Amino acid sequence: MSEARGEGRDQSGNLSFVVGGVDEDHRSSEEGGRIKNEGEMRKGEEEDDDKDDDSPPERQIVVGICSMMKKSKSKPMTQIMERLCKFEYITVVIFPEEVILSQPVDKWPLCDCLVSFHSKGFPLDKAVEYAKLRNPLLINDLNMQYYIQDRREVYRILQEEGVDLPRYAVLTRDPDRPEECNLVEGEDHVEVNGEVFPKPFVEKPVSAEDHNVYVYYPTSAGGGSQRLFRKIGSRSSVYSPESCVRKTGSYIYEEFMPTDGTDVKVYTVGPDYAHAEARKSPALDGKVERDSEGKEIRYPVMLSAMEKLVARKVCLAFKQTVCGFDLLRANGHSFVCDVNGFSFVKNSMKYYDDCAKVLGNMVMRELAPQFHIPWSIPLEAEDIPIVPTTSGTMMELRCVIAIIRHGDRTPKQKMKMEVRHPLFFALFEKYGGYKSGKLKLKKPKQLQEVLDIARLLLAELGQHTDCEIEEKKGKLEQLKTVLEMYGHFSGINRKVQLTYLPNGQPKASSEEEECPTEGPSLLLVLKWGGELTPAGRVQAEELGRAFRCMYPGGQGDYAGFPGCGLLRLHSTYRHDLKIYASDEGRVQMTAASFAKGLLALEGELTPILVQMVKSANMNGMLDSDSESLTDCQQRVKVRLHEIMQKDQDFTEADYQKLAPTGSPSLVTSMKTIGNPVRTCDQVYTLIQSLTSQIRRRLEDPKSADLQLYHSETLELMLQRWSKLERDFRNKSGRYDISKIPDIYDCVKYDTQHNATLDLEDTLELFRLSRALADIVIPQEYGINKAEKMDIAQAYCLPLMKKIQLDLQRTHEDEAVNKLHPLYSRGVMSPGRHVRTRLYFTSESHVHSLLSIFRYGGLLDEVKDQQWKQAMDYLSAVSELNYMTQIVIMLYEDNNKDPGSEERFHVELHFSPGVKGCEDEENVPLGFGFRPASAENQEKQTNQGSLEDLSQDETDRALSLSEPISIKRSPMSRNRKTGSMEVLSETLPTSSKGTSYRLFPSCSCQSPEIKQTGLGFEGCSMVPSIYPLETLHNSLSLKQVDKFLNAVCEHSSDAHAKTMKALSALFDTSSQGYGQAHIYPPPTESPVLLRNSCPVP
């Protein structure tokens, strides 16, 4: 075989390495010319022989690269080998692919050190044979590479080394008898060798060469699976509706780790060097983020001390000097989920330098002594970490906390029935109902069992009639009809609650005229409806998009959204984002849609929901058990019913009783109503008119198959309204005030979504039921201030505690993905983070939280003009509609002393959510978002226009060294893009407290959804959302912390519940509180909060 060798330096002095071989007689000190292919080398062979006489006598160390040509000629390999050649005594030889594949190993080039690794088509057996024959120094052990090709072996070795792995089980199938295996598949879990894996779980083929990894989602999140594969173009996975696991082949089943949509890839070069990069998880939406050169976007991140130890263990256990593996960071721990063997970082010059240096030193340390080459390990000064500083009087955004109500939903519906049949008691016992006396059934299998019982009882009733069961026949039929709706169960749309009644149900009114039965019974409550509508999804996604404008800076047209710094912040892993949601389907889907808009994700909501939204172990933080109302709430409801049952116009005394806070929105509604019973009569008559109109439509053959919004039929619409007609007025003629919110809910839904039916008088029904609802809904959360606080604390204490911790924890712990400052080119202040915490919940929590801010004594209206204006504005808001937002923003002024009260600055913002049907003319006006003072308007020439923000000044915000002066400016309401006001950003010239509008003028709309004055085009009349209004913009963190302390301390009743909730939330990530700014509790509380509700 002819050898190719280097020819020293070429004329231009370039260094390089050779392709081909070197035999014993021809080892010399050539450092090589350009990179050559074999053809060129052969041509130059004769000339080489002539030049050999001039070479120095020292022996060269030959490093052989033995791999498939695609790998040995790749950019990272070329870059690293070029740098390796700069070592005076090292020559690099690349084994040609045809030689590797077709020549016997004794004809392969000679080398002292071998870099060889397996990839598709590589003859690993031959490489092992070559290593036995020549005994070179192996950079990566060859025998261990057989193990790396089998995921079972990889996991076994990792387990032996004590490396944390996701919980897993191996299913090995005999290819000839695939059905004989230890797998039991349930609807929402699999059982492998007796080990149960609830969905979501991961299914990986045992062969590491097979990249078809599937993630299966639970029915509660929508079911289906995400199918991962080797990147093809811009996709790395695709969503599939298939929910059943694969029936052929052997697999590893493992727990799915919630990583907030990020994977960390670690690259070792020896046991003491590891480079880590984060990228978007392929399971999130399957779209590969690529840069302008088409490379996948990744960002270098810092490894914690524990993770560096894991890297060392992986490198040594697999005997692979150059080794890549995948880390999942979840719940404050790091888990290894894959070891890839030999792999290099792409596109990092610093890594290429480091890798060549480490490898070169390793080769010289091992081989220089035996070849008598003079060499000592160079000592270098340690790299100095870059310490970012912030200049000027700019404040830096540190934390954004938002509490958001879910989006538009279908009307919620409920049916109660008392049941005594032994089958219901058996079901209650089967699922452990006797432990707490209550049971919630949501899973498809459980709902199927309830449906089976209903069908059986109805069949029995058909055969012989019994007085007591006959009374319930209508309800049993309704139970059956609702459970049969949609043709399948998904775990999101319906639920059945069973409550044990030891002495049966007490009869609340003369409405129930059956003879009472002795003995225990079960109260069955069936709930359905209340699903997020397509309009609700669009609202949430649009609001998510608009929310990006809250984050300052970012590159000029980053990701096609001018001025939206959040995407840059998030993609560079400086955004510590957590999204929480209560366990209701509509709330979870709202959260997932919002995340989709916020982070510009694509595709289905199920993968986003499973990875981005946390809903387990909330322990009441965002859920409210409406069945267990506080004593105070029960009493408030009774009083509300009394006042609303008077058949006379509201008197002055009624105004005092019902609206003691003097809220303008309440007073207006009371004036609209006049006589509550007469208004209820009108509402009842209008409902009767509506049901008779729908019946006539049903009889009309033209509209028999009419499809209403969201696949509802006229029959279902009639059932909805007939039930309200039956329930609103009982047999004695009294009205059930608790049905008013449901009536308003239904008419609001039909006015918006089913307006094409042109039913008469719906707008009048809307007007009257809205006036009634504007009294009943807010006053159910307390009539006077003490009651409002008492009820609010019962709902909100765990959430308040959590918000307090969010604000205090401005110094991150190690669990956060931290950007590595040395590798982060083009990113200013890589060490800084913005913490975002989003809480999606229902109306009760939003009402309660707002009550705490309004009545808990945060500020004194008399002394603080801005707060007084904010309170006037909130009193004028009549409804906290879908997508209502309460937003808290924390800023840090780096120029102030770290211990100073002025160091941290808090702002409070609010939006009443979606615009109603006839809102425009009588909507209360706030003062805009971050209001500017009028005299500063003319100064807004070109200070800090968009050009200033085209650099990556992510950490800049605005000057807020003094309270912002507020006058209504002509700008404060000029242009709105549906979800949030469009404002122009200017940066201040001085630090005298003059403030300007925040946000660049950017329209954060999705290209496919245009906005019109009425809503979002292309969707059935999706209403737009009110912009955020600033309630206060100059609070100190100390003030807010003191206030939250006082509120939480005075709720000692709920203390135990809170601690339980918090320990569940924080047991995994409680490091990092140490440096937080925690102020001592106040010596005197701002307001006397009462633990018990006063009896009127």
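The values are calculated or read from the model by the stated rules, or taken from the named source; none is laboratory data. The model shown is predicted, which means the values in this text are computed figures rather than measured ones. Virtual Cβ from ideal backbone geometry, glycine too; neighbours counted across all protein chains shown. Only protein heavy atoms, including side chains, enter the accessible area calculation; ligands, DNA and RNA are left aside. Shrake-Rupley method; radii C 1.70, N 1.55, O 1.52, S 1.80 Å.
Given (1) assigned to a helix (DSSP H, G or I); (2) open to solvent by less than 40 Å² (accessible area, probe 1.4 Å), where does residue 650 come up short, assuming only one miss?
Failed condition: (1).
In region 274-293, what residues are of a type in the set (A, V, I, L, M), in contact with a helix residue (DSSP H, G or I) (Cβ under 8 Å, 6 or more places away or on another chain) and either open to solvent by 60 Å² or more (accessible area, probe 1.4 Å) or in a loop (DSSP other than H, G, I, E, B) (or both)?
283, 284
Scan region 875-900 for residues that are over 16 Å from residue 398 (Cβ atoms) and surrounded by fewer than 20 Cβ atoms within 10 Å (Cβ to Cβ) and jot them down.
875, 876, 897, 899
With the checklist (1) of a type in the set (A, V, I, L, M); (2) surrounded by 17 or more Cβ atoms within 10 Å (Cβ to Cβ); (3) modelled with pLDDT under 95 in hand, flag the one item residue 706 doesn't pass.
Status for residue 706: all satisfied but (2).
Can you confirm whether region 625-645 contains a residue that is open to solvent by less than 80 Å² (accessible area, probe 1.4 Å), farther than 28 Å from residue 872 by Cα, touching a helix residue (DSSP H, G or I) at 6+ places or on another chain (Cβ under 8 Å) and at pLDDT 90 or above?
yes
Listed here are the residues, each with its yes/no results for (1) under 17 Å from residue 410 (Cα atoms); (2) open to solvent by 30 Å² or more (accessible area, probe 1.4 Å); (3) not aliphatic (A, V, I, L, M).
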| position | (1), (2), (3) |
| --- | --- |
| 727 | no, yes, yes |
| 732 | no, yes, yes |
| 763 | no, yes, no |
| 786 | no, yes, no |
| 797 | no, no, no |
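Just to be sure, is residue 304 at pLDDT below 90, of a type in the set (S, T, N, Q), out of contact with any His (no Cβ under 8 Å at 6 or more places or on another chain) and open to solvent by less than 60 Å² (accessible area, probe 1.4 Å)?
yes
What number of residues in region 308-360 are within 16 Å of residue 162 (Cβ to Cβ) and open to solvent by less than 10 Å² (accessible area, probe 1.4 Å)?
8
In the set 269, 238, 288, which member is under 27 Å from residue 579 (Cα atoms) and in contact with a Ser or Thr (Cβ under 8 Å, 6 or more places away or on another chain)?
288
Could we say that residue 657 is within 29 Å of residue 755 (Cβ to Cβ) and either more than 42 Å from the chain's Cα centre (by Cα) or touching a residue at least 40 places away in the same chain (Cβ under 8 Å) (or both) here?
no
Listed here are the residues, each with its yes/no results for (1) touching a residue at least 24 places away in the same chain (Cβ under 8 Å); (2) closer than 22 Å to residue 611 by Cβ; (3) touching a strand residue (DSSP E or B) at 6+ places or on another chain (Cβ under 7 Å); (4) not in a strand (DSSP E or B).
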position	(1), (2), (3), (4)
191	no, no, yes, no
197	yes, yes, yes, no
204	yes, yes, yes, no
223	yes, yes, no, yes
237	yes, yes, yes, no
242	no, yes, yes, yes
253	yes, yes, yes, no
260	yes, yes, yes, yes
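Please go through region 62-112 and pick out each residue that is part of a helix (DSSP H, G or I) and β-branched (Val, Ile, Thr).
Within region 62-112, 78, 80, 99, 100, 105 qualify.
Anything in region 154-172 that is open to solvent by 40 Å² or more (accessible area, probe 1.4 Å), within 17 Å of residue 256 (Cβ to Cβ) and in a loop (DSSP other than H, G, I, E, B)? List them, or say none.
The answer is 164, 167.
Does residue 907 qualify as being at pLDDT 85 or above and either touching a Gly at 6+ places or on another chain (Cβ under 6 Å) or not in a loop (DSSP other than H, G, I, E, B) (or both)?
For residue 907, the condition - at pLDDT 85 or above and either touching a Gly at 6+ places or on another chain (Cβ under 6 Å) or not in a loop (DSSP other than H, G, I, E, B) (or both) - is met.
It is to be established whether one or more residues within region 714-724 are in a helix (DSSP H, G or I), open to solvent by less than 60 Å² (accessible area, probe 1.4 Å), out of contact with any strand residue (DSSP E or B) (no Cβ under 8 Å at 6 or more places or on another chain) and among the charged types (D, E, K, R).
No, because not a single residue in region 714-724 is in a helix (DSSP H, G or I), open to solvent by less than 60 Å² (accessible area, probe 1.4 Å), out of contact with any strand residue (DSSP E or B) (no Cβ under 8 Å at 6 or more places or on another chain) and among the charged types (D, E, K, R).
Could you list all residues from region 370-397 that are at pLDDT 85 or above and either open to solvent by less than 90 Å² (accessible area, probe 1.4 Å) or among the acidic types (Asp, Glu) (or both)?
Result: 371, 373.
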